[in-house]
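Data block below; observations after.
Just so it is clear, none of the values below were taken in a lab; they were calculated from the coordinates. No experiment lies behind these values; they were computed from the predicted model shown. Quick reminder, even Gly has a Cβ in these numbers, built from the backbone with ideal geometry, and neighbours come from all protein chains shown.
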Amino acid sequence: MALATYLRWAAPRLSWDGVIDIEGLRAALATACPDSEIETLDWPRSIVGTARRDDRAVAVHWLRDRSVFEVRFRWRNRFMNRVIRTDLADATGSAATWLGGATPREFATAWPFADFVGVANALESGDRIEYAWQTYRVDPRHHRGFIEAAMREPRLREMFPFTSMWWMSFRPTADEFRVPGPWVRAAGDGRFTVVVDRRVEPVIDYDAAEAVQVCVAEMDRLGVVRPPSEHRPPTECGG
């Protein structure tokens, strides 16, 4: 029986009333990823199974309260992507492909929902600013919509993005600790607030494109220093 067929057949049998048990998750990963080191943990809100081989790892989290799988991919001990799936076969099948040695582009072709070509390219290039942007692109969390818009704006794309709590801001370099501002926070429904001082509660919100333009205007007003000239952002968001 082909692996993908087996996993789709076995997945329902690894649960009981919608609950995945730790031994079932371990068995699914061991079947899909032979010759990999398997580690499992049982937490109050999740069961975690991690498969490792050489410099690659995939962690599959069964989130009890949501009844979904959160799958996290790593390469060279660095984050590649995080996706949510409802099908155990998607989680274990994609883990098998990545741990089996597929290139990032081969992996993206096989499992488009977990594409991290842009992240991998940035990691291999050693460009820490681009790596940060690409990781936020694949896993934007609270800033979905704003990230894509910001990556199309050269003034922001050449800065190092980072988050603190629910806020995002930008530094001139990856090693810079001073934060010149501004700060961006999701306001819900695809809207965002932009402030210079996080202690002041914002009263105006913007759509993603407007928020980007406000950020640029605030940087100019504050005299934010541009990064060294050798960093020139790509023209595309993805890889």
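Using a 10 angstrom Cβ neighbour count of at most 15 plus a DSSP loop assignment to flag exposed GluC sites (Glu not before Pro), which longest range of the chain is free of such sites?
Answer - 1-175.
What residues have an amide H closer than 5 Å to that of residue 198, excluding those fewer than 5 places away on the same chain, when H is modeled at 1.01 Å from N in the peptide plane?
Those qualifying (amide H under 5 Å, at least 5 residues apart or on another chain) number zero.
Let me know the shape class of segment 145-191, please: from the alpha-carbon gyration tensor, a ≥ b ≥ c as square roots of the eigenvalues, rounded when a/c is under 1.5, otherwise prolate if a/b is greater than b/c, or oblate.
oblate
What list of ³J(HN,Hα) values in whole Hz, one per residue of segment 109-116 in order, does the Karplus curve 6.51 cos²θ - 1.76 cosθ + 1.60 (θ = phi - 60°) give from phi, with Gly and Pro shown as x?
Rounded to whole hertz, the list is 5, 6, 10, x, 5, 10, 3, 9.
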